[in-house]
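Have a look at the structure below before the remarks.
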Amino acid sequence: MRVFLHYLSAFVIIPFYGIQVCPFLESLPPLQVIIPVGVAMALQAAIRIPLRARLVDSQPLKLKVRRAYWLEAALFLSTALLLMVFNTIVHGFPLVSGLKVLVGLAGLGFFAAIDLGLAEERRVAEAVESGLGTLEPDTDPFPMTRKVALFASISIGVLISIFMLLVIKDLDWIVEVGKTMPLAEARVSIIKEFLFVLIVVLPHTLNIIRSYALNLKYTLGNQTTILSLVTGGDYSSRVPVTSNDEFGLIAQHTNTMVDRVQDQVTEISRTRDVTILSLATLAEIRDNETGEHILRTQRYVRVLANQLKDHPNFSATLSDEIITLMFKSAPLHDIGKVGIPDAILLKPGKLTDEEFTIMKTHASLGAEALNVAKRELGDNSFLRFAREIALTHHEKWDGSGYPQGLSGSDIPLSGRLMAVADVYDALISKRVYKPAFSHDKAVEIIREGRGSHFDPDVVDAMDATEDQFKAVADQYSSGST
């Protein structure tokens, strides 16, 4: 449709333009001006189809835009030369008459070539986004700023050339009719000619500006979208490289930057996870526990959180990101045990009241240690949840827990989740002071603590996910590999 409109506008405009600027064309009957232009444009349209298939469509994406532009520009210039030769041979017009038509048709061809080249750029972008090919921009491409400057310069040049041709023609015309036509009437005629040129050139110029704007909006929109995702922590998307200019290079460098940021974030995340597990394992080993306890309890926490994230009381809190942070920090719930003396921590029998009082300090010790690190990393780090869990996972719903005697919703949600996870795992695990209970027995005990020891909503979530709890317990049992 764009091609048709450009060719149609040339067919309509050039005869009127030729009559306005060239006295020789003005002397011919209108049909003798219109028919050659129509035939020439029809031939151009017919030749364009095979030439485009060979010179544009079969080329790599990187070359399509440039080839499309030069093809259209060359076709319009060739048609202008053909009309100039035709008028010289058939009508005997001088060369200057042909040059006037050449300026007009080549000018329209310039606007058409720019517009169709920009449209081709959009098609290339769609092909890249659809996975039909890739585009590797040159290391030193022709910059967009120079393209815009060149377009502006040529547009001004075309406009000045056409106005000069009009002025020259009108001066000759005034000399011829000045004695017989009133000056006011001649002035109106000249103004009409100038307005005709402006009416032709201005829409073409605005159309090019619009095409540039569409392409820039698309390119900058992709860039902004990807950078916004990266800012939000999503490193999975990349900017499509769709143009062989500085914007293509910007997209390429952006993707390289995102790759490197993703690699560093992944490395940092792995280092964090390994550090958490190492510290947590150290605490568990001192307590005669196994690493499976860490793996099980953090997965129980995730199961409960996923079950509750659609609950009206928790949907505003339990986003996927928060659930992940709770999952990552859960293994540090007993990190404070490293500060408990071995004589108490490893005692095989029942602790005395004094010993149990010391044992209970592990919650505060762990929170204090994690608080030091949290101050360095900030409140938005995973250590916020690690500290909450370490400090509050022994608090009870009715306020009878430790170390702060918190009750109800004053206990952070992360601590309430870990309370159920930790007690359930302790019940199904063998200890020196007790045998391992069955899953059913452990669930029964936890249900008995609903509303006293545990948050009722969290216990209900466990009831709804019993099968998942059993699956986690089986997968990470002490005897599994």
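Read-outs: derived from the displayed coordinates by stated rules, not from any lab. Computed from a prediction, not measured in an experiment: that's the story for all the values here. Note that each Cβ is placed from the backbone with ideal geometry, even for glycine, and that neighbours are counted across all protein chains shown.
List of remarks:
- Between the helical axis of 362-377 and the longest alpha-carbon principal axis of the chain there is an angle of about 20 degrees.
- For the residue pairs K396/K470; K374/K470; K337/K430; K309/K347; K62/K100; K309/K360, alpha carbon separations beyond 29 Å are given by K374/K470; K309/K347; K62/K100; K309/K360.
- Coil-residue chymotrypsin sites (Phe, Trp or Tyr not before Pro) of segment 390-481, DSSP, other Cβ within 10 Å capped at 16: Y433
- Note: relative contact order over segment 31-98, using C-alpha pairs below 8 Å and six or more positions apart, is 29 percent.
- Using only alpha-carbon positions in the chain, the gyration tensor eigenvalues give semi-axes of 85, 21, 18 Å once each is multiplied by 5 and square-rooted (largest first).
- Euclidean distance between Cα centres, segment 1-75 to segment 188-244, Å: 24
- Here segment 318-450 was treated as a single set of alpha-carbon atoms; its pair distances binned every 5 Å from 0 give 2, 10, 17, 20, 23, 17, 7, 3, 1 percent.
- Axis angle, to the nearest 10 degrees, between helix 183-231 and the longest C-alpha principal axis of the chain: 20 degrees.
- Ordering of 323-330, 41-48 by burial proxy (mean other Cβ atoms within 10 Å per residue, highest first): 323-330, 41-48
- Over segment 1-114, relative contact order from alpha-carbon pairs under 8 Å, at least 6 apart, %: 30
- Globularity index of segment 2-231, i.e. its alpha-carbon radius of gyration over 2.2 N^0.38 Å: 1.21
- Förster radius 35 Å - calculated FRET efficiency between R431 and Q404 (Cβ-Cβ, nearest 0.05): 0.85
- Mean separation of Cα contacts under 8 Å, 6 or more apart, over the residue count of segment 327-481: relative contact order %: 18
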